[in-house]
Amino acid sequence: KPQYIVARGMGKATWDEWREWIEAVNDDLPEPESMAGVWDDLPELAPPLIDGVLRQGHKLLLAGPSKAGKSYALIELCIAIAEGRSWFGWPCARGRVMYVNLELDRASCLHRFRDVYDALGWEPAHLANLDVWNLRGRAVPMDKLAPKLIRRAAKKGYIAIVIDPIYKVITGDENSADQMANFCNQFDKVCTELGCAVIYCHHHSKGTQGNKRSMDRASGSGVFARDPDAMLDMIELEVSESLSKQQGDRAYCDAVAAWLDREPLAARWREEIGQDDALAPANLHAAMRDMLPSRMVDEADQCGQAARAAAGKRTAWRVEGTLREFERFSPLNLWFAYPVHQVDGTGALRDVDAEGKTPYPQRIKRKAKEKSSEQMSKKETFELAVHSCNFGEPPTVKQLSEALNNMPERTVRDQIRRYGYKIDRNNENRIVKESAPDDGV
């Protein structure tokens, strides 16, 4: 059959030129746009997911040391998003969220959600917004997990996906910048394909972190700090013995006050017990003995002692942020009272140093000073009990023991000698001041 020339001068002169042209045509990348064309019609910003911290469709990294309660913090975040509540004091948008569990067995993970709900005291009104994908023992590298995740999450309307933890799915050497850049690109793919935020957690490097900047504490390449739109870092605080005791006393008084508020026979206790006495455990206990039967005093004391013990188990943490979309916030101080984190609303942790920030010699001096202050505090408590437990009259050892929260009588006798007192055998074994007191320092 005859052939005809239909065109000429088309294509490229060489194979390399043609390959470069065809790749440019099929690269699926958007074309550059002029600012002049959008200046008066800028697109809407993505709405906040965590107010002041993260927008919907963006990435957040939570970093911290091992056993810092990071998983509990992320579970709290999932619940806050599902219920439209606040997380660490930041309001969250309400919507559907998936928690990808890579570390816990299924039963433990599901129980944690229930425990956190109970500890927060929140009504589970939107449980349908919470999905959990349990992958312990089935985790695959992130470049293989991302398409599987996208396929399962498509059309489900998630506004956030939480991946906990990422060390289970890291591909390549975490100290290699190019390999970690490729790894983090998988999170971008999930964000783009699903239009939701991706939130993940990572661990600190080894050693003390107090003298490092918050964005430099995460283990591995600096890509982990630079890639996410928001990075939150948790570091433990060094709680002194005096602060721990102060918090224990406060917890005791708060618990006893709550118990008294519920007790009909103690309805007028706030009028009968002064505000200062209500904040001092020994004075509060002594005042209760004057107004309530012994059985009720013991019950209130047990409630207070339980609260004191729970306060003693808390750990203190500071959250610092590196944000791309929002103004940096002031460091946020938290108590981790298993299984939830509580914002320090009293300012007790404001001046507490992060773990490892204070040099070792200064820590030794500070502990010695605190020990001395603690001894003085014990002496002041003892003397206050001596002067108040028997209406100003010299008390007996038994009366003083009861006033000091049922301190063992042997310990009471030791403190009598230590703080410059004696048992007057000529005055019905009453406790009186020695003529030449020994400060016991």
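The values are calculated or read from the model by the stated rules, or taken from the named source; none is laboratory data. All values derive from a computational prediction rather than experimental measurement. Neighbour counts are summed over all protein chains in view; Cβ atoms, including those assigned to glycine, are modelled from backbone coordinates with ideal geometry. Side chains are part of the model used for accessible areas, which takes the heavy atoms of the whole protein and leaves out ligands, DNA and RNA. Shrake-Rupley method; radii C 1.70, N 1.55, O 1.52, S 1.80 Å.
Summary of computed values
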| read-out | value |
| --- | --- |
| Surface per residue (accessible, 1.4 Å probe) for the chain, Å² | 57 Å² |
| Protein accessible area in the chain, 1.4 Å probe - carbon and sulfur % | 48 percent |
| Label point distance in nm, VAL6-GLU380, each placed 7 Å from Cα along Cα→Cβ | 9.8 nm |
| Distance in nm between pseudo-label sites at ARG94 and ALA309 (7 Å out along the Cβ direction from Cα) | 3.9 nm |
| Within the chain: Cβ-based charge dipole about Cα centre, in debye rounded to nearest 20 (Lys, Arg +1; Asp, Glu -1) | 1280 debye |
| Net dipole in debye of segment 28-133 [+1 Lys, Arg Cβ; -1 Asp, Glu Cβ; about Cα centre; nearest 20] | 640 debye |
| Positive dipole terminus of the chain, leading residue within LEU60, ALA139, ASN26 (C-beta point charges) | ALA139 |
| Antiparallel %, DSSP beta bridges [both residues in the chain], to 5 | 50 percent |
| Ratio of Rg to Rh over segment 235-322 (Cα coordinates, Kirkwood Rh, two decimals) | 1.10 |
| Highest-fluctuation residue, GLU83, GLU428, GLU174 considered, GNM on the chain with Cα pairs under 10 Å | GLU428 |
| Given charges at beta-carbon only (K, R positive; D, E negative), |dipole| of segment 376-432 in Debye | 280 debye |
| Amide hydrogen neighbours beyond the local backbone of ALA337, cut-off 5 Å, H modeled | GLN342 |
| Within the chain, helix-based [θ] at 222 nm, where runs of 4 or more DSSP H residues each add -39,500 (n - 2.57), nearest 500 | -13000 deg cm²/dmol |
| Cross-link table LYS245/LYS313; LYS70/LYS189; LYS67/LYS245; LYS245/LYS398; LYS67/LYS168; LYS379/LYS422, entries beyond 18 Å C-alpha to C-alpha | LYS70/LYS189; LYS67/LYS245; LYS245/LYS398 |
| Given (1) 38, 22, 20; (2) 35, 28, 19; (3) 64, 24, 18, the label whose value is semi-axes √(5λ) of the Cα gyration tensor in Å derived from this model | (3) |
| Whole-number D in µm² s⁻¹ for segment 61-104, Kirkwood Cα-pair radius fed into Stokes-Einstein, 25 °C, 0.890 mPa s | 219 µm²/s |
